[in-house]
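> Starting off with a structure, shown below.
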Amino acid sequence: MDFICNFPFFSILISLFSGTICSVLPAKAAKAVNRLVIAAVGLMSAVLLLYLLSTGESFIYWMGHFPAPWGNEIRAGVLEAGMALFFCVIMYLSMAGGAHKLPGEVVESKHSLYYILVNLLLSSLLALVYTNDMFTAYVFVEINTISACGLIMIRQVGRTIEAAVRYMIMSLLGSGLLLFGLCIMYDLTGHLLMSNIKESVALIMANGEYQIPLIVAVALMCIGLCIKSALFPFHSWLPDAYGYSTVSSAAILSSLVSKGYIFLLIKIIYRVIGFDIFNSTRIIDVLFVFGLMGMIFGSLSAIKENDIRRMIAFSSVAQIGYIYMGFGMGTQAGMVASIFHILSHAATKSLLFIAAIGLTDVSGGSRKFIDLTGAAYRNKWAGVAFTAGSLSMVGIPLFSGFISKLLFAQAAVQVEGKMLASLIVLGISTVLNAVYFMKTVIRIYTSEQDAPYRSITFRDRKGYTVVLVCSVLLNVILGVSSQPVVDMIGQGLAMFA
Amino acid sequence: MIVSVILIPFITGILVPVIPFRKRWQKEVFLETAVVLNSILVWYLLLHHSDSTFLLAHFTGNLNISFRVDGMSMVFAGLVSALWPFATLYAFEYMTKEENENVFFLFYTLTYGVTLGIALAANLLTMYFFYELLTLVTVPLVMHTLTREAVLASRKYLYYSLGGAAFAFLGLIMVIVYGSTTDFILGGVLDPAKTAGKNNVLLLIYVMAFLGFGVKAAVCPFNSWLPQAGVAPTPVTALLHAVAVVKSGAFAIIRLTYYSFGTDFLQGTWAQDVVMAVVMFTIVYGCSRAVKETHLKRRLAYSTISNLSYILFGAVIMTPLGLVGALTHLVFHAIMKISSFFCAGAVMHQTDRHYVHELNGLGYKMPRVFGIFTISALALMGVPGLAGFISKWNLAGAAVESGNPLAWGGIACLLVSALLTAVYMLTIVVRAFFPGKDFDYSTVSDIRDPNWKMLLPLFVFTVCIVLFGVYSQPIVDFFMSVAAGAV
Amino acid sequence: MYLILSSIFFPILAGLFLLIRYRTPLPGEKRAIDRKALTTLTGIFLLITAALVAAALLHAKESFTLFYLTKTLPIYFRIDSVGRLFSMLAVIVLPCAGFFSFEYMKHEERESRYYGFYLLAFGVLNALCSAGNLITFYLFFELLTMTSMPLVLHSCSREAVMAGLKYLFYSLCGAYAALFGIYFLYQNCDSLAFTADGALRASSIAEHGGFLLVTAFVMLLGFGVKAGMFPMHAWLPTAHPVAPAPASAVLSAVIVKAGVLAIIRVLGMFGRDFLRGTWVQSVWISLTLVTVFMGSLLAYREPVLKKRLAYSTVSQLSYILFGLAVMQETAFTGALCHVLAHGFIKSSLFLCAGAIIYKTGKTRVEELRGIGKEMPLTMWCFTIASLGLIGIPPTGGFVSKWYLALGSLKSGMPVFDVLGPVILLVSALLTAGYLLPPVIHGFFPGADYDYGRLQKKEPCRLMTVPIFILTTASVFIGLFPDCVSGIIAAAFTGR
């Protein structure tokens, strides 16, 4: 076994421990450690990804060299490594982009706490990505929830406490359901390791016994993760949580945390239940319908908003709908589209959140549209970045959003019964996206001569601007040369089976 | 080469705000030179085109951005590049009264490149890409004055266009999935082996895509952005909202119908009936709204709506002759409408009058402008001997020849619309030249014709209108060969 | 070829020259118009044009294509008998009315515009008469509308402008309806060149004969607008009263006849055999009869003289259309005779009315008591013309109505063969009823009339001579119908 195979384990561990270290460090050092860790993990994931691409097959890593069922297993394939790398990149950008706001948002004494939470979050995300064990997954889901909750709550304004409580309740409900599902699954199969469960499930399906409990278990797990990833009817916690927390938190929460759960769900679908078995249940239809509804209603709610942050948050609801629609199609192509959209949405959404903060900064901190009039002239870079993000969301060619739309539509055409519905909703949802994003873009480019606010130039905020540029570039790269990424996703999915 | 004609406007446009021009005339000379050079280049390219495809970039799979010159692109690119230098010349004079010139000329010139991109696109994806881009680069032009009205108009324009593109996108997907290629091939690229049994779905998507592209071509009920966008400076309304932008919509529909889905697949289906009915309704609707409208530019905008649907009517007849009719009107309407719009702009520029009822007696003080306006009005009505008659004749001829009863009804729509055209155009002419007995001439005493920069384009267009009216043979022959796929 | 072309383009160029050279100065502009030069020049132009047309009528036999609009659309000229007949009418009426207007237009402004468009309309009319195919005809038909509209709205009062627009839009509406038919004819004929016995391909008739009937009907209705056929007649009574009297004369005598000419052409294109006995013929005859009767009735009730004459035109034109609709040779002869007779009579009547207005300013019929004593020559002409219109021998009206009735009875149509002549007779009675009262009151104002107030108001020769010529012409037609019978017979066969 190559040394590189240790990287997944290392990266989880580093981020866990760095969290602990951060608690005793002063704020500045904690920040440095945090950045360093993210960068290191990212680097390791990149190397791992290259390694996996070169070997062309995934590997399983035994924790402490005990085979299952005693030991714990980590599994790494192209998709896992790619996802980890991507999460690190986005997280780094989000942290860097929101750094200048942190002092204003969080009291000085809690800065190191903030970084602890971020590190914990990273470790739990990585664990969700890499683990091959259902129970480990559950544990890290909980860790994830707690740290996310902390991230929301750390900015101590009235709304955030409420948002955090809401988030907590909904999340716990979600993980509770996940746990139920897990228990039933354990009862049925007697295993906790994913690969073992899958064998048993296949056996059960072949024998034709205990099918209903199995379906119930799957359904419970699905619903649990849906709640946690804010699929349409379960999204009520989302706008407040994303809308009022600190910038970095919002960016991370919207682009990564929910995606972590979704990735877990993908893993469950492929590695635990089996793609074909999952598709033969009616669950995908339900997911499909919820996905479609999410696309429409999320956008409608976004249109009604007059607060830019909440608008972006609602837009997430719609985008998550896209992802679930891809699941609901029940085809490989749909899955590829969904995974690509996870990437593209993560890249775009963090960009939007960070750009939005640049715009609100030059509008007296107000997030109301009326105050944002002409903001793009006062902060040119943020304006351009926000426009780019919006165009990507609307699906203009050259940006990543277009490719995911293209993939979704292509996938939809291959599914006889769901084609029209998905195509039409895709169209409508694009129109709605155009409405609220373009409304904002025009608003920020409508010049306001007598605005009392100060302008911000490149010199004022170098770091911030660089982050913006990087995010835009990331978006464009995903949009222009998507073929390797799509290939990689396909390869990763093949390794899942 | 083919990319350079798209890039030159981009570079020129970006240079305008960057280069610190000392005097205004330097900027004018710079812009005009660049535009004229580019137009010459385009014409050179069109006349010496080879059949090869130029591949610029790869998207995913077999999707790529590539360019090629074929018959359709020759028509559209030729038209656009012929009109642009004149419009630019006109814009110099017109923009003396407006602010933020640099931004204006930046986007104005960018639009040139993007429109050429649409014309020269070799496949549906490339066209779609430039189509979206066109929306984006023209929004700042609509928003130019930054009044509340302009912002609302541009918002509407943006929603409509992007929304339309979203549905046009579905058509793109269908062609990607069910077609053998996304390249434009006359007769369509749908693969019969793949489409078997899915006809109705494909037709439904065709209708959606038609309406989607139709948004730019202002098909009813998606037309209300166009009159509102009239708040933009007149060179924009004239060139973009009478030629480049709206014609791109029509162009895209022709591409979709004849070069992607294929007329064999569509002809005689319910989808054809639906789109034809929509188009026919728009023809009459646009005209009747124009009659009701009292704002001069908005009236012309409604007229554009109606006339665009003439083009689409030709397109949805789905026969080679229909395509000939559509192409004829595509070109001729461009000339006629740009001429009448420039007249309207000249009036607004010289007198600051915007409403039809304020035009009384101006014919005596601006005889050249209103003379030209009269000719364009007669041409739009379809008086024989002027360009409009030829295009109408080709359209109606195609409709009769197709043997489709609905298309015969379409002829009636054309004629009703011609009558309404007479109503809304000639009332202006009559007002201008016959202001009534008790008209007080002192109210127009200090008004005169504009200077040569505005008049030159007008004269050229008028000469074209008459020339094409009496001698259209070569150009119609050319359209014939385009429709037959011989170019 | 050059004769025909010059008869068309000379007046057009002359008109344009007048429009530009003598354009009316705006307030503040220091430029006066030499009225004498203007009228002299116009007179010379009119005479030259008339001479050219006459020469063309006598000599031009060949046909030629001027140029091609598109490969299959030639602008093609050919003078045949029908065109010749209409040319004859135009060449007499237009110069007469033109000279009349030199005096009449003294009290109007912007004369040059009037003369300019007058000449333009003359040229276009010539072109219309010598057009050899439907497209050429349509081209000049539209241009005729455009060039005659300024004549109608000349006075530029609000009503005049409105009336001009009404005229314009009605005419265009008709023209477009006709264009609808032209599109279909184009597809179903081998060429659009005029013929008298049907140009439709046999295969087309077999395939969509039913639709072609609809097309024919639409075309008839469309061109019927110009000829004031019910239900699209309303522009006539609006346009005539506001137009200057000589313009009304030309409008009523010649320009509306363009509609008749058009219908003759259309009939020829479809072929009488194709239409005879179909629903198109029945509906069309009914419409003409309704128009004949209704026009007379409305004229009878109308107090304003010029408007009364306008309604009379509506009625009389439908006599002609009735004759055409019967589709029988005798009736056709009657119709074409009536074209000439009505042309001369009605122009004479309008010029008389104009003379009265010019001299006395009286427009209403009841104001005309004793006018015969004041303007005897004018009123005598009016009387003779009126008798002609009523159809009393030996005037032109009698001959034409005789042929019309005869043709109708000979035709063997069900119902209409008798009904037609009956309605024509009733209408003739009504005609007497609306035309004779001004004559009677004019000459016999009654015992209580104050003869002392009478003054000599006879207008100058520029006015009386044209009226006299036209009246004479109308009588001449009645006395010597043979001189046109040859041409009419040729017209029926399309030579």
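The values are calculated or read from the model by the stated rules, or taken from the named source; none is laboratory data. Since we're looking at a predicted model, the values are computed, not measured. Positions of Cβ are generated from backbone atoms using ideal geometry, with glycine treated the same way; all protein chains shown enter the neighbour counts.
> When the residues of segment B:394-412 are narrowed to those that are among the hydrophobic types (A, V, I, L, M, F, W, C) and within 7 Å of chain C (Cβ to nearest Cβ), which ends up surrounded by the fewest Cβ atoms within 10 Å (Cβ to Cβ)?
Pass one, segment B:394-412, residues among the hydrophobic types (A, V, I, L, M, F, W, C): B:395-396, B:398-400, B:406-408, B:411-412.
Within this subset, residues satisfying the condition of being within 7 Å of chain C (Cβ to nearest Cβ) are B:396, B:400, B:411-412.
Details: B:ALA396: 28, B:VAL400: 22, B:ILE411: 23, B:ALA412: 18.
Result: B:ALA412.
> If I ask for residues that are touching a residue at least 24 places away in the same chain (Cβ under 8 Å) and either outside any loop (DSSP other than H, G, I, E, B) or in the same structural domain as C:TYR138 (by TED's automatic domain parsing) (or both), which ones from segment C:187-199 would you list?
C:ASN188, C:CYS189, C:ALA193
> Here are the criteria: (1) of a type outside the set (Gly, Ala, Ser); (2) part of a helix (DSSP H, G or I); (3) within 10 Å of chain B (Cβ to nearest Cβ). Tell me which single one A:VAL425 does not satisfy.
Evaluating A:VAL425 over (1) of a type outside the set (Gly, Ala, Ser); (2) part of a helix (DSSP H, G or I); (3) within 10 Å of chain B (Cβ to nearest Cβ) leaves (3) as the failure.
> Restricting to segment B:20-40, count the residues that are free of Cβ contacts under 8 Å to residues at least 40 places away in the same chain and within 30 Å of B:ILE185 (Cα to Cα).
Counting residues in segment B:20-40 that are free of Cβ contacts under 8 Å to residues at least 40 places away in the same chain and within 30 Å of B:ILE185 (Cα to Cα) gives 1.
Residue by residue, here is whether (1) surrounded by fewer than 20 Cβ atoms within 10 Å (Cβ to Cβ); (2) farther than 12 Å from A:THR246 by Cβ; (3) touching a residue at least 60 places away in the same chain (Cβ under 8 Å) holds:
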site: A:ILE116; (1), (2), (3): no, yes, yes
site: A:ALA137; (1), (2), (3): no, yes, yes
site: A:SER147; (1), (2), (3): no, yes, no
site: A:GLU162; (1), (2), (3): yes, yes, yes
site: A:ARG166; (1), (2), (3): yes, yes, yes
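> Let me ask something else. Taking the criterion of being under 16 Å from C:SER315 (Cβ atoms) and in contact with a Ser or Thr (Cβ under 7 Å, 6 or more places away or on another chain), would at least one residue in segment C:439-453 satisfy it?
The answer is no; no qualifying residue exists.
> Tell me whether segment C:281-302 contains one or more residues that are closer than 29 Å to C:PHE99 by Cα and hydrophobic (A, V, I, L, M, F, W, C).
Yes - at least one qualifying residue is present in segment C:281-302.
> So C:TYR167 fits all but one of (1) touching a Phe, Trp or Tyr at 6+ places or on another chain (Cβ under 8 Å); (2) within 11 Å of chain B (Cβ to nearest Cβ); (3) not β-branched (Val, Ile, Thr); what number is the exception?
Going through (1) touching a Phe, Trp or Tyr at 6+ places or on another chain (Cβ under 8 Å); (2) within 11 Å of chain B (Cβ to nearest Cβ); (3) not β-branched (Val, Ile, Thr) one by one, C:TYR167 breaks only (2).
> Among the numbered criteria (1) touching a residue at least 12 places away in the same chain (Cβ under 8 Å); (2) more than 8 Å from chain A (Cβ to nearest Cβ), which single criterion is violated by B:ALA166?
(2)
> Report, by residue number, each residue of segment C:46-75 that is in contact with a strand residue (DSSP E or B) (Cβ under 6 Å, 6 or more places away or on another chain) and modelled with pLDDT under 80.
none
> If I ask for residues that are small (Gly, Ala, Ser), over 14 Å from C:GLY132 (Cα atoms) and in contact with a Phe, Trp or Tyr (Cβ under 6 Å, 6 or more places away or on another chain), which ones from segment C:253-266 would you list?
C:GLY259
> Here's something else I'd like to know. Among the residues of segment A:23-47, what is the count of those that are surrounded by 18 or more Cβ atoms within 10 Å (Cβ to Cβ) and more than 21 Å from the chain's Cα centre (by Cα)?
Qualifying residue count for the region: 5.
> Looking only at residues that are facing chain C (nearest Cβ under 7 Å) and under 13 Å from C:MET149 (Cβ atoms) in segment B:417-435, which one is modelled with the lowest pLDDT?
Top of the filtered list is B:PHE434.
> Look at C:PHE140 and say whether it is of a type in the set (Phe, Trp, Tyr), in contact (Cβ under 8 Å) with a residue 24 or more places away in the chain and either within 11 Å of chain B (Cβ to nearest Cβ) or assigned to a helix (DSSP H, G or I) (or both). Before you say what the answer is, go through the steps one by one.
Values: of a type in the set (Phe, Trp, Tyr): yes; in contact (Cβ under 8 Å) with a residue 24 or more places away in the chain: no; either within 11 Å of chain B (Cβ to nearest Cβ) or assigned to a helix (DSSP H, G or I) (or both): yes.
Here the answer is no, as C:PHE140 does not meet what is asked.
> Let me ask another. Identify, from the list A:HIS345, A:HIS341, the residue that is in contact with a Ser or Thr (Cβ under 6 Å, 6 or more places away or on another chain) and not basic (Lys, Arg).
After ruling out the rest, the residue left standing is A:HIS341.
> Could you tell me which residue of segment B:55-83 is farthest from the other protein chains (Cβ to nearest Cβ), considering only residues that are among the small types (Gly, Ala, Ser) and either in a strand (DSSP E or B) or crowded, with 17+ Cβ neighbours inside 10 Å (or both)?
Checked segment B:55-83; the qualifying residue farthest from the other protein chains (Cβ to nearest Cβ) is B:SER81.
> Can I ask one more? Take residues that are basic (Lys, Arg) and tell me which of the helices (runs of 4 or more DSSP H) falling wholly in segment A:22-133 contain 1 or more.
Hits in segment A:22-133: A:27-55.
> Return yes when B:THR443 is more than 20 Å from the chain's Cα centre (by Cα), more than 9 Å from every other protein chain (Cβ to nearest Cβ) and over 17 Å from B:HIS333 (Cβ atoms) and no when it is not.
yes
> Check segment B:98-120 and report whether any residue there is among the polar types (S, T, N, Q) and farther than 30 Å from B:LEU55 by Cβ.
Yes - at least one qualifying residue is present in segment B:98-120.
> Continuing with the same structure: Is it the case that some residue within segment A:318-327 is under 19 Å from A:PHE386 (Cα atoms), crowded, with 24+ Cβ neighbours inside 10 Å, within 20 Å of the chain's Cα centre (by Cα) and not hydroxyl-bearing (Ser, Thr, Tyr)?
yes
> Against the condition among the β-branched types (Val, Ile, Thr), assigned to a helix (DSSP H, G or I), more than 14 Å from chain B (Cβ to nearest Cβ) and in contact (Cβ under 8 Å) with a residue 60 or more places away in the chain, how does C:ILE79 come out, does it pass? Break it down stepwise before answering.
Working: among the β-branched types (Val, Ile, Thr): yes; assigned to a helix (DSSP H, G or I): no; more than 14 Å from chain B (Cβ to nearest Cβ): yes; in contact (Cβ under 8 Å) with a residue 60 or more places away in the chain: yes.
For C:ILE79, the condition - among the β-branched types (Val, Ile, Thr), assigned to a helix (DSSP H, G or I), more than 14 Å from chain B (Cβ to nearest Cβ) and in contact (Cβ under 8 Å) with a residue 60 or more places away in the chain - is not met.
> How many residues does segment B:42-54 contain that are surrounded by 13 or more Cβ atoms within 10 Å (Cβ to Cβ) and free of Cβ contacts under 8 Å to residues at least 40 places away in the same chain?
First, pick out the residues of segment B:42-54 that are surrounded by 13 or more Cβ atoms within 10 Å (Cβ to Cβ): B:42-43, B:45-46, B:49, B:53-54.
Filter once more, so that each one left must be free of Cβ contacts under 8 Å to residues at least 40 places away in the same chain: B:43, B:46, B:49.
Result for segment B:42-54: 3.
> Name the single residue that is surrounded by the most Cβ atoms within 10 Å (Cβ to Cβ) among those in segment B:141-156 being within 8 Å of chain A (Cβ to nearest Cβ) and part of a helix (DSSP H, G or I).
That would be B:SER154.
> A further question follows. If I filter segment C:229-239 for residues that are more than 11 Å from chain B (Cβ to nearest Cβ) and free of Cβ contacts under 8 Å to residues at least 60 places away in the same chain, do I get at least one hit?
yes
> Pairs under 8 Å by beta carbon, first residue under 20 Å from C:GLY407 (Cβ atoms) and without any contact (Cβ under 8 Å) to a residue 24 or more places away in the chain in segment C:417-440, partner among the aliphatic types (A, V, I, L, M) and surrounded by 14 or more Cβ atoms within 10 Å (Cβ to Cβ), six or more apart or different chains?
C:ASP417/C:LEU409; C:VAL418/C:LEU409; C:PRO421/C:LEU404; C:PRO421/C:ALA405; C:PRO421/C:LEU409; C:LEU425/C:ALA405
> How about segment C:295-316: which of its residues are surrounded by 20 or more Cβ atoms within 10 Å (Cβ to Cβ) and in a loop (DSSP other than H, G, I, E, B)?
C:GLU302
> Among (1) touching a Phe, Trp or Tyr at 6+ places or on another chain (Cβ under 8 Å); (2) more than 9 Å from every other protein chain (Cβ to nearest Cβ); (3) within 26 Å of A:GLY334 (Cα to Cα); (4) not basic (Lys, Arg), which single condition is A:THR430 missing?
Here A:THR430 meets the rest and fails (2).
> Sticking with this structure for a sec: Exactly one of these conditions fails for B:TYR159: (1) closer than 27 Å to B:THR181 by Cβ; (2) surrounded by fewer than 23 Cβ atoms within 10 Å (Cβ to Cβ); (3) touching a helix residue (DSSP H, G or I) at 6+ places or on another chain (Cβ under 7 Å). Give me its number.
So B:TYR159 meets the others, but not (1).
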